[in-house]
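A short worksheet on the structure shown next.
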Amino acid sequence: NCFILGTSNSVNKGYTKAIERLGVNIEKNSSIGSSHSCLVPFRIKDIKSLNIDFLIVDFHVNEQISWKSGFDFTSITNDIFKYIMSFCYNKSAIPIFLIMPTKSVIEGKHNDNLIKKYIDMLESIGLPYFNGYHIIENLSRLWDRPSASFFYDDSHLSLMPARLVGGLLALKMKDLLLDKNSSKLRPTSALANLRNFSYFKASAPSPNSEI
């Protein structure tokens, strides 16, 4: 079972439909388009009574847009990351921060400084994350197509690549659940082994908490 808390990428029938088709039950999706991570404490109450294995959080795209406009939410976001870890520890759930890509960063029209800040923060507290940029970059090489061609606008992937991201995410979720159950440890302790889970290891070595 999983709970999804994000923005329009989590509302659209892209990656969410793919993880459902691969057997992941979405217990509840409380995503709201054009929202930011500061929404988490207000929406996470929706699952306080639910039994969940995963919490998927997706806010990167909108905070990337804010960053581009000159707003820096990173100190607030860092506190939200810590809140998510604490909440999931008490729920015995595995948190996953989903970094969905933006076309402007892929095309080099905007720098990737925020992504680097996010990854530094996620790594520092050990919050697992799934980097959509790595998927699109490798898909571009495999299919010999420009990375930008996988988007239908700056903030959203086209349906096929979005569902591919969801499919790969679902497979990793199943790996993590097996690891959690076999370890008989609380999730935040079991997550120390996350460095063993990464996509395309040969071409894109992953930081410690990337899945």
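The values are calculated or read from the model by the stated rules, or taken from the named source; none is laboratory data. All figures in this text were calculated on a predicted structure; none of them were measured in a lab. Note: ideal-geometry Cβ built from the backbone for every residue, glycine included; neighbour counts use all protein chains shown. Surface accessibility is based on the protein's heavy atoms, side chains included, excluding ligands, DNA and RNA. Shrake-Rupley method; radii C 1.70, N 1.55, O 1.52, S 1.80 Å.
For K103, which lysines qualify as cross-link partners when the Cα separation must be under 26 Å and same-chain residues fewer than eight apart are set aside?
K103 reaches K13, K17, K68, K116, K117, K172, K201.
How many percent of DSSP beta bridges within the chain run antiparallel, rounded to 5? Mind showing how you got there, number by number?
Details: 2 of 18 bridges.
If we restrict to bridges inside the chain, about 10 percent are antiparallel.
Note down the relative contact order for the chain as a percent, whole number, built from C-alpha pairs under 8 angstrom at least six residues apart.
On the way: 314 pairs, mean separation 48.5, N = 211.
With pairs under 8 Å counted, the relative contact order is 23 percent.
Beyond 16 Å, what share of the Cα-Cα pairs of segment 36-145 is found? Please give it as a whole percent. Walk me through the numbers before you get to the answer.
Values: 3638 of 5995 pairs.
Summing the P(r) of segment 36-145 above 16 Å gives 61 percent of all pairs.
Probe radius 1.4 Å, ligands and nucleic acids ignored: give me the carbon and sulfur share of the accessible area of the chain as a rounded percent. Provide the component values of the computation, followed by the final result.
Numbers: 4900 of 9390 Å².
Looking at the chain in its full context, I get 52 percent from C and S.
In whole angstrom, and with the biggest value first, how far do the Cα coordinates of segment 81-120 range along each principal axis?
41, 15, 10
Calculate, in whole percent, how much of the Cα-Cα pair population of segment 33-75 lies beyond 16 Å. List each step's numbers first, then the result.
Details: 413 of 903 pairs.
Of all Cα-Cα pairs in segment 33-75, 46 percent lie more than 16 Å apart.
Let's test this: bin the Cα-Cα distances of the chain at 5 Å from zero up to the farthest pair and state each bin's percent.
1, 7, 16, 21, 23, 18, 9, 4, 1, 0
Gain in length, K116 to L177, computed as 0.36 nm per residue apart minus the alpha-carbon separation, to one decimal in nm?
Working: separation 61, 0.36 × 61 = 21.96 nm, distance 2.74 nm.
Result: 19.2 nm gained on full extension.
Give the ranking of R141, R21, R163 by solvent-accessible surface, highest area first, calculated with a 1.4 Å probe. Display every interim value, and only then the final one.
Details: R141 140, R21 170, R163 70 Å².
Ranking R141, R21, R163 by accessible area, largest first, yields R21, R141, R163.
Using a 1.4 Å probe on the protein heavy atoms only, what accessible surface does E27 show? Give it in Å² to the nearest 10.
80
Ratio of segment 88-161's C-alpha Rg to 2.2 N^0.38 Å, to two decimals?
Numbers: Rg = 14.2 Å, N = 74, 2.2 N^0.38 = 11.3 Å.
Here the Cα radius of gyration is 1.26 times the empirical estimate.
Taking the Cα centre of the chain as the origin, how large is its charge dipole in debye, to the nearest 20, when only Lys and Arg (+1) and Asp and Glu (-1) carry charge on their Cβ atoms? Numbers along the way, then the final one.
On the way: 24 positive and 19 negative charges, 102 e Å.
So the magnitude is around 500 debye.
Please report, in whole Å, how far the alpha carbons of segment 1-81 spread along each principal axis, starting with the longest.
Taking max minus min along each principal axis of the Cα atoms, segment 1-81 gives 40, 26, 16 Å.
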